[in-house]
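The numbers here are math on the coordinates, done by the rules we state, and not lab data. Here the structure is a predicted model, which means the values were calculated and not measured. Reconstructed Cβ throughout: ideal geometry from the backbone, glycine too, with neighbour counts over all protein chains shown.
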Amino acid sequence: MTQRIPCVGAIVVDAGHRLLLIRRGRPPDVGCWSLPGGRIEPGETPRQAVIREVAEETGLIVVPDRLVGRVERDGPGGVVYVIDDIACTPVGGHLLAGDDASDARFVDRVSLEALTLSPGLIDALTGWGVLPAPPS
């Protein structure tokens, strides 16, 4: 039977309508840009996990707002990551890549399209209607 691992991802948009992304420093998808997030630890709620993961990977403090959607991604060794992506509002901290992120930044729509993204990220964000608006 396939091991399913509960995870969270944070959809954080700043006042300039830019999306927070991290460059993955570890597998899977090393070097690709993705939403900050990771595994839910034992005894943790998804809301607690997303706050912790964003702080660890970006130095930012967020308030989780709502579940936007769920994706399932294949991981190493046949595991499946079940990722609840949660919209979050940034409320403090200082942006600095940490933990398993090699870089962290807010990106606008034009910059987003120029990055190498984790597989399926654009499709999920588009389907949920949460991509930053293109420039007018």
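Centre-to-centre separation between the Cα atoms of the range 1-49 and those of the range 79-117: 8 Å.
Dipole magnitude for the range 16-100: about 200 debye, using +1 per Lys or Arg Cβ and -1 per Asp or Glu Cβ, origin at the Cα centre. Each helix, a run of at least 4 DSSP H residues, gives -39500 (n - 2.57); summed and divided by the residues of the chain, these come to -5500 deg cm²/dmol at 222 nm.
Convex hull volume of the C-alpha atoms in the range 4-128, normalised per residue: 98 Å³.
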